[in-house]
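Enquirer: Below you will find the structure I want to go over with you.
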Amino acid sequence: MNLPLLSLLVFTPWLGAGLLALLRDARPAAVRALALGFSLSTLVLGGAALARFDPAAPGFQLVERHPWIGALNIHYHLGLDGLSLLLVLLTGLIAPAGLLAAWRDARAPRLFGALFLVLQGSALGVFLALDFFHWFLFWELSLVPVFFLIKLWGGEAAGRAAYRFVIYTLGGSAFLLLGFAAVFAATGSLDFGQLAALAADGTLTARLAHLGGFWPQVVFVGVLLGVAVKVPLYPFHTWLPPAYAEAPTGVSMFLTGVMSKMGVYAFLRILWPIFPAPLHAAAPCLLVLALAGVVLGAFAAMRQTDLKRMVAYSSVNHVSYCLLALFAVSAASGPGGPAAGAASAALGGALLQLFNHGLSAAALFCCVGVLEARSGGRRDLDDFGGVRTAAPVFAGLCGIAMFSSLGLPGLNGFVGEFFIFRGVFGLVPWVAAVACLGLFATAFFLLTFWQRVFHGPRAGAALGDWPDLQGVEFAPLVPLATLMLVLGVLPQLLTGLFNPLVARWAAALVLP
Amino acid sequence: MNALPCTIYVSFTGALLALVAGSRSAALARAVALVTAVTALALTLVAASHFVPAPGLQTLVDRPWVDSLGVHYHLAVDGISLTLLVLTGIAATAGVLFSWNVQERTGEFFALFLALIGGVYGVFLSADAFVFFVFYEIAIVPKYFLVARWGSTNREYGAMKLVLYSFAGSALVLAGLLWAYVAGGGQSFALGDLAAAAVHFPRIEQLGMFALVFLGFAVLAGLFPFHTWAPTGHVAAPTAASMLLAGVVMKLGAYGCLRIALPLFPVGFAFWQPAIGWLAVAGIVYAGAIALVQDDFKFVIGYSSVSHMGFVLLGLAAANVRAVSGAVLQMFSHGIIAGLLFAVVGRMVYDRTHTRKLADLRTMALYRRLPFAAGSFVVAGLASMGLPGFSGFPAEFAILIGTWKTSPLWAAIAALGVLVAAAFTLRVIQVSFFGTAPAKPGAPELAPLPPITRAERAGALLLIATTVLIGLKPDLLLNWIIPSLQSPLFQTVLKGGTP
């Protein structure tokens, strides 16, 4: 049987969105169930892809490649490797969890569900498309539903936050597009694989050099800007805290769980293979920026009293670890190459961190959402006290997410960060040393969160009738917490998917 | 193929019939207009299905007209003109659908509308500079009456400015063409003959002729800083006329630049090329920045048209096959998208709310009261921002690619323009339709607005389907356009025979 599995993965959520758009008179409950069903399709189809996936095989699998736009040499090109599969599975987990977290929002559930599914399909497209045109379509399209989801369902300042978020990202994209226009003008191809091959043998650099002057650098910086804003890399992160804080809970979960991964994915899929030499040259600078994200992100989180903003800044910190690992490897990948062991540890850690941060940050946003729902929208650090007494089960699940995020051994967050530190320490020791500051600050603010909100006598918004988790509120948190425990003990469930890929990356790091 | 000249005749006949029918009943005039527009569109589509892309113009009609001047009634088509003919057909059909509510002197309105369309078809089919110019003037005159009689805000001023600019442009074109005709021996107005003669002109004369002809046409294409007629004209015009002005008439100017100015005077072009490129990128960024601070919904769209036409001119200035094919695609794409934007703003929103002030629209929760209009505007806005999946993206991308080969700096500034376009479009989407949050259940119902009519729905869906189709499959047009640019006439000005 030859099903186009990856096309199905991408388009099933869109099909659901179209269906929701047509069902004008459906009851809210039916609308929600339908949206959830289509959202879960990713998990099912991702499972099918997992079953057929052979981690040891080189290159892309389940490839679909058809001519699309002849005049621009563009192909409809989807493919899967360990990195894509990891993120597809993550999307499959986070998207339904986000919809479940929004289950009780009574405002226009049909439009919400449709936009959410469009977003989910676009994210999957980003993780699976292998031709710039095809990829960029999804990359840009994902912004449209996010804009409306934040703007319409978000908090009081949501309009501004949504606008700023989309303009920052579109601004980055304009320069990304400019960069790829130059790449196409130089090579006549937009296929990531072909471009990586041209980059590996130096052809791309030579062809771009024809532009003369500083223009080859401009091309690189344009592409870098486009993906760095999305991650975000410090100092392009300023759109993130308001956007994450103003978005409704389910959307914040998707933003931090999946969308922030799109940026890191673009670094790994585009910037690193296609511009290895400029990235190597810029890596010392970028390393400092990623380090600033790690340290300053954590310190900024420490200063927040709005819990959602705190979790948002902690996302800046956590995602920056992935970039830290990547830049450390790139910085060390000169002639002779870096220590292969350290490089594959750092890269493997970065991929693990992508997945783990997705789980823990989404769960944390979900927990803050529960606090908000119980207290009529209050979510300040000082608004609560003694929630553990009132809602022990909720406190337990939230505690798992927090300690996972903090990097407690035995939970999933630890493994990824440990590998990253192990790798970076072997490559650029001082960076690893400074990054430890970020670890301490993270521990500090998460423990403050834990102590002020959950411990002590019941106080503030936690007074009065304060039921524990009920019904559908369990649905997003229980699977996420379970996975945090399981992956903390058995990280090889994930590392098995991408270890051969990481080993190949580490082996290919010797630059010409 | 040979049916194509009929688009002209059908349109003019339709104009007469609409005038006659209008004296009996408005409904009849509307029906005549719709049948005429659809027939012409069908003719272009049938011709397109038989079209075999090849370098050079394919002659349809060629017979002597004014013997003493050597004028031939010469109509011909290539991939570029075919693209714009299809655009004209679609824009005209949508324009009729969005004029369904014109009550005042309906017959005259549609007569002028169809006469304008007939002139536009004629321009795109002309292969003789004289015939070209005649049709060009025919297209300009009805514009004045449409704006001055059926327009809104400041209509006399808008109409007068529009026509003065147009006539000034025409005067320059005429002067340049006559100069070339006389200098070439006064034998023929055929484009090929003029080009052949122009090769022997002294350099200084070529510079002058090119400047006159190009500037004359570029005024109508909205070249910065001669664009100021466009926003005021668009705002003053009735909806259908704005759609045609931005959708088709501005293309006449750009088409004139491409079909006449560039191939006839390659030496002149080479001299003026840097100036054109700089004015084009200045227009892209400047008009975008102005659009960012407008308070009138229609002015935002008017300035955005200038910004988008800047991309067309940039593509021409870059002067290679890739960029020029992108420019032609952008002409098509902008024609469709601007038509949709003006339709939503002028017809769907203004006719119902009687305000275009963004500050007023903000509080009206229009996305709940006019969901179809909101959806159409979001699609049009996204397309206008150059989001992939819509026709603007392959066009602007091709222009950027081509511009890199000519001047990386222009490409970089144009990318800035893409960013500005995103900023003002997003702003206007957010303020105009989505100013307020969704209602909680049980919130009081808003006063209903007149529902979107079937004609409006049909018009919007036609335009949306076109922009998505071309966005996903730009090959449909590029496969016509690129071979046409490989004709010897274009190859003298364009670098890079293979894109």
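The values are calculated or read from the model by the stated rules, or taken from the named source; none is laboratory data. Here the structure is a predicted model, which means the values were calculated and not measured. Virtual Cβ from ideal backbone geometry, glycine too; neighbours counted across all protein chains shown. SASA here: full protein model, heavy atoms, side chains in, ligands and nucleic acids out. Shrake-Rupley method; radii C 1.70, N 1.55, O 1.52, S 1.80 Å.
Enquirer: Chain B: longest stretch without exposed GluC sites (Glu not before Pro) (DSSP loop, at most 11 other Cβ within 10 Å), sites themselves excluded? Walk me through the intermediate numbers first.
Expert: Details: sites that count: B:E104, B:E445.
After excluding every exposed loop site, the longest remaining stretch is B:105-444.
Enquirer: A further question follows. So which trypsin sites (Lys or Arg not before Pro) in segment B:302-364 pass both tests, a DSSP loop state and at most 15 other Cβ atoms within 10 Å of the Cβ? The partial results should precede the final answer.
Expert: Numbers: sites: B:R322, B:R347, B:R352, B:R356, B:K357, B:R362; in loops: B:R356.
Hits after loop and neighbour filter: nothing returned.
Enquirer: Using protein chains only and a probe of 1.4 angstrom, how many square angstrom of B:D193 are accessible, to the nearest 10?
Expert: 80 Å²
Enquirer: Within the set of other residues whose C-beta is less than 10 Å from the C-beta of B:F109, count the net charge using Lys and Arg as +1 and Asp and Glu as -1. Write down the numbers at each step before the final one.
Expert: Numbers: positive: B:R30, B:R105, B:R149; negative: B:E104, B:E108.
Neighbourhood net charge equals +1.
Enquirer: Taking the Cα centre of chain B as origin and charging only Cβ (+1 Lys, Arg; -1 Asp, Glu), how large is the dipole, in debye to the nearest 20?
Expert: It works out to roughly 1100 debye.
Enquirer: Modelled label-to-label distance, B:N154 and B:A31, 7 Å Cα→beta-carbon offset: nm?
Expert: 4.1 nm
Enquirer: So, one more: Once label points are set 7 Å from the Cα along Cα→Cβ at both A:R65 and A:D382, what is their separation, rounded to one decimal in nm?
Expert: 6.1 nm
Enquirer: Rounded to a whole number, what % of the accessible area of chain A do carbon and sulfur atoms account for, probe 1.4 Å?
Expert: Using a 1.4 Å probe with all protein chains present, chain A comes out at 68 percent carbon and sulfur.
Enquirer: Counting Lys and Arg as +1 and Asp and Glu as -1, each charge on the Cβ, what is the dipole of segment A:1-156 about the Cα centre in debye, to the nearest 20?
Expert: The dipole magnitude comes to about 540 debye.
Enquirer: Given A:L427, A:G377, A:T238, which one lies farthest toward the positive end of the charge dipole of chain A, if we put +1 on the Cβ of every Lys and Arg and -1 on the Cβ of every Asp and Glu?
Expert: The listed residue farthest towards the positive side: A:G377.
Enquirer: What is segment A:283-512 by shape, rounded, prolate or oblate, if you read a ≥ b ≥ c off the alpha carbon gyration tensor as root eigenvalues and call it rounded for a/c under 1.5, prolate for a/b larger than b/c, and oblate otherwise?
Expert: Prolate, since a/c reaches 1.5 and a/b exceeds b/c.
Enquirer: In whole percent, what relative contact order does segment B:1-110 give with Cα contacts below 8 Å and a gap of six or more residues?
Expert: 36 percent
Enquirer: At a Förster radius of 30 Å, what calculated FRET efficiency corresponds to the Cβ-Cβ distance of A:R458 and A:R303, to the nearest 0.05?
Expert: Efficiency, from the Cβ-Cβ distance: 0.70.
Enquirer: Rounded to the nearest 100 Å², what is the buried accessible area between B and A, both sides summed, probe 1.4 Å?
Expert: 3600 Å²
Enquirer: Every cysteine in the protein assembly as shown with no other Cys Cβ under 4.7 Å from its Cβ, please list them in numeric order.
Expert: A:C285, A:C322, A:C366, A:C436, B:C6, B:C257
Enquirer: Would you mind working out the accessible area per residue for the protein assembly as shown, using a 1.4 Å probe, and quoting it in Å²?
Expert: I get 31 Å² per residue for this part.
Enquirer: With +1 assigned to the C-beta of every Lys and Arg and -1 to the C-beta of every Asp and Glu, and no other charges, what is the dipole magnitude of the protein assembly as shown about the Cα centre in debye, to the nearest 20?
Expert: 1280 debye
Enquirer: Once R0 is set to 56 Å, what does the formula 1/(1 + (r/R0)^6) return for the Cβ-Cβ distance between B:V293 and B:D67, expressed as a FRET efficiency to the nearest 0.05?
Expert: Approximately 0.50, to the nearest 0.05.
Enquirer: Where does helix A:276-303 land angle-wise versus the long Cα axis of chain A, in degrees 0 to 90, nearest 10?
Expert: 10 degrees
Enquirer: Which angle between 0 and 90 degrees, to the nearest 10, do you get for helix A:412-427 versus the longest principal axis of chain A when only C-alpha atoms count?
Expert: Approximately 40 degrees, to the nearest ten.
Enquirer: Continuing with this model, one more query. For segment B:30-158, what class follows from the C-alpha gyration tensor (a ≥ b ≥ c being the square roots of its eigenvalues): rounded when a/c is under 1.5, otherwise prolate if a/b is larger than b/c, else oblate?
Expert: Values: a/c = 2.50, a/b = 1.50, b/c = 1.66.
Oblate is the answer for segment B:30-158, as a/c is 1.5 or above yet b/c matches or exceeds a/b.
Enquirer: Please give, to one decimal in nm, the separation of the simple spin-label points placed at A:A340 and B:R457, each 7 Å out from Cα toward the Cβ.
Expert: If labels sit at A:A340 and B:R457, their model points lie 6.5 nm apart.
Enquirer: Straight-line reach from B:K357: which aspartates and glutamates have a Cα under 19 Å away, not including same-chain ones fewer than 8 places off?
Expert: B:D295, B:D296
Enquirer: As an exercise, identify the chymotrypsin sites (Phe, Trp or Tyr not before Pro) in segment A:147-238 lying in DSSP coil whose Cβ has no more than 11 other Cβ atoms within 10 Å.
Expert: A:F214
Enquirer: Still on this structure, please answer the following. Between rounded, prolate and oblate, where does the protein assembly as shown land on the alpha carbon gyration tensor, with a ≥ b ≥ c its root eigenvalues, rounded for a/c under 1.5, else prolate if a/b exceeds b/c?
Expert: Prolate, because a/c is 1.5 or more and a/b exceeds b/c.
Enquirer: I would also like to ask the following. Once both axes come from the Cα atoms, what is the angle between helix B:475-484 and the longest principal axis of chain B, in degrees from 0 to 90, rounded to 10?
Expert: The answer is roughly 20 degrees.
Enquirer: I'd like the FRET efficiency for B:L16 and B:A359, computed as 1/(1 + (r/R0)^6) with the beta carbon distance as r and R0 of 35 Å, rounded to 0.05. Please report the intermediate quantities before stating the final value.
Expert: Details: r = 45 Å, r/R0 = 1.28.
That pair, B:L16 with B:A359, gives E of 0.20.
Enquirer: Direction-averaged shadow area of the convex hull around the Cα atoms of segment A:349-418, nm²?
Expert: Value for segment A:349-418: 4.9 nm².
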